[in-house]
Amino acid sequence: MTTVYLAVFEQSEEMTSSKKEHLTIQPYVKHPLQNRWTLWFFKNDKSKPWQANLRLVTKFDTVEDFWALYNHIQLASRLMSGCDYSLFKDGIEPMWEDNRNKCGGRWLITLSKQQRMLELDQFWLETLLCLIGEAFDDYSNEVCGGVINVRAKGDKIAIWTRDTENQEAVLHIGKTYKERLGLPVKIVIGYQAHADTATKSGLGIKNKFVV
Ligand code: MGP
């Protein structure tokens, strides 16, 4: 837990030598998150292997440090096409190969080009808040992280979970996520196994679950 000491006046009067005795030191404690999180940035350089384009930006574990970071970095809608942000629990790398991802999958939100200006930043912020706020009740421990892909062909946002076989958890996370994004009931979102995403393309990737 991070403690910052703030000097405060007990009375809001100008400090004079007679008032100096009222100057007190009070601890200001930042609000801890349940987990420590790592933000990653991906910038596409086709001359390098995929993993070499992935950079760890920073880690945080308090509400205040999350907002300081969020307010400091570019909005997703302003990133160049080909870039990603990923926010993962500390110790999990944002890739299929990580031990805590390799048996997992993702709830995938695909956006049209028009949605970039209207909804991309709002959906990504809500995704971040779902992650750091542990929005999925008893199933939040199944969550590994979230990814936003900024792409000319259409942007994508996803929440990654660790076990495709944990149907109860996957469905609860999907339903909650859809509600939190405020998506209409008639919009269907799908959950895909990383094992399929890594080995198949386009229409070959079947949804394991939909909500
Ligand atoms: P992408 O960046 O997830 O989506 O994957 P994009 O750019 O929309 O492309 P599409 O294929 O989904 O249409 C692009 C490529 O990056 C993949 O085909 C892989 O070659 C590589 N890649 C992406 N991810 C998430 C991983 C990963 O976790 N591990 C490895 N090794 N390569 C990955």
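The values are calculated or read from the model by the stated rules, or taken from the named source; none is laboratory data. Keep in mind it's a predicted model, so treat the numbers as computed, not measured. Here Cβ is always computed from backbone atoms with ideal geometry, including for glycine, and neighbour counts include all displayed protein chains. Note: accessible area is taken over every heavy atom of the protein model, side chains too, but ligands, DNA and RNA are not part of it. Shrake-Rupley method; radii C 1.70, N 1.55, O 1.52, S 1.80 Å.
Observations on the model:
- In this Cβ point-charge picture (+1 for Lys and Arg, -1 for Asp and Glu), the chain has a dipole of about 1180 debye about its Cα centre.
- Counting only protein chain heavy atoms and rolling a 1.4 Å probe, the accessible areas of THR199, THR176 rank, largest first, as THR199, THR176.
- Rounded accessible area per residue of region 57-211, 1.4 Å, Å²: 49
- The listed peptides 152-161, 111-120, 50-59, ordered by packing as a protection proxy, come out as 152-161, 111-120, 50-59 (highest mean of other Cβ atoms within 10 Å first).
- Each of HIS72, HIS31 has its accessible area taken with a 1.4 Å probe; listed largest first, they run HIS72, HIS31.
- Note on the chain: with neighbouring protein chains present and a 1.4 Å probe, carbon and sulfur make up 52 percent of its accessible heavy-atom surface.
- The long axis of helix 121-132 is offset from the longest Cα principal axis of the chain by roughly 70 degrees.
- Shape call, region 96-207: gyration tensor on alpha carbons, a/c limit 1.5: oblate
- Using a probe of 1.4 Å, the accessible surface attributed to ILE25 totals some 110 Å² when neighbouring protein chains are kept in position.
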